[in-house]
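First the structure, in the form of structure tokens, and then the observations on it.
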Amino acid sequence: MVFLGELFVDLPLPIDAENTFEGCGKCVACITLCPTGAILEPYVVDARKCISYLTIEHQGSIPEQYRALLGNRVYGCDDCQLVCPWNRYGQITDEQDFHPRTQLKDKDLLELFAWDEATFLKNTEGSPIRRIGHERWLRNLAVGLGNAQFSPAIIYALENKSSECSELVLEHIQWALAQQNDKQRVKLRKTQRLIRIIEKGLPRDA
């Protein structure tokens, strides 16, 4: 985990020697694993494709070509950090602020999607998640629900939320509903095919 910061001081500080260490070698794990292909080449990232940018910094509509690639990532993406061989040497910090929070850890997307703004603000207090605001929280969750396996509960939640949300959120809900409806049709076709196979097979096996 890397945190960037800046200090403004009026003290003369020694200039560090240039860091020439190159630890990547021939490893391209982060490049090949990046879900959206945001890492173009070593040390070159197109932030417009980065899931962390799209779900945190980007304030508008998430481009459609990236929505399915988000999967269930509703706040950032650490795939490049997880796959980096150097991070296997990292140690879990004792700082409690960086430990998982019970009100956020292992929660179902539908439960998170049901939070109103007051609940969102309460449960994200002291967390960087709070700064994206409730609207973008719902936007991201709508995409995640669209990417989930077909579920009548998901369709119900999306349709229910569509009557009480902003235009930005509504756009992503409509996309998510289209994804869920497509998956439902595929599931029905597979079920019907299985029924036909069984019906044809039963007389033979009797």
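Here are some notes:
- As for the range 15-25, it holds at least one residue that is in contact with a Pro (Cβ under 7 Å, 6 or more places away or on another chain) and at pLDDT below 95.
- Identity of the residue in the range 86-145, of a type in the set (Gly, Ala, Ser) and within 15 Å of the chain's Cα centre (by Cα), that ends up farthest from ASN160 (Cα to Cα): GLY144
- If you check ILE62, ILE56, ILE51 for being touching a Leu at 6+ places or on another chain (Cβ under 9 Å), under 15 Å from LEU138 (Cβ atoms) and not assigned by TED's automatic domain parsing to the domain that holds GLU135, only one passes: ILE62.
- In the range 137-148 there is at least one residue matching the filter, namely being in a loop (DSSP other than H, G, I, E, B) and modelled with pLDDT of 95 or more.
- Residues that are out of contact with any Lys or Arg (no Cβ under 9 Å at 6 or more places or on another chain), surrounded by 13 or more Cβ atoms within 10 Å (Cβ to Cβ) and not in a loop (DSSP other than H, G, I, E, B) do occur in the range 117-124, at least one of them.
The values are calculated or read from the model by the stated rules, or taken from the named source; none is laboratory data. As the structure is a computational prediction, the values presented were derived from the model and not from experiment. Ideal geometry is used to build each Cβ from the backbone, glycine not excepted, and the neighbour counts take in all protein chains shown.
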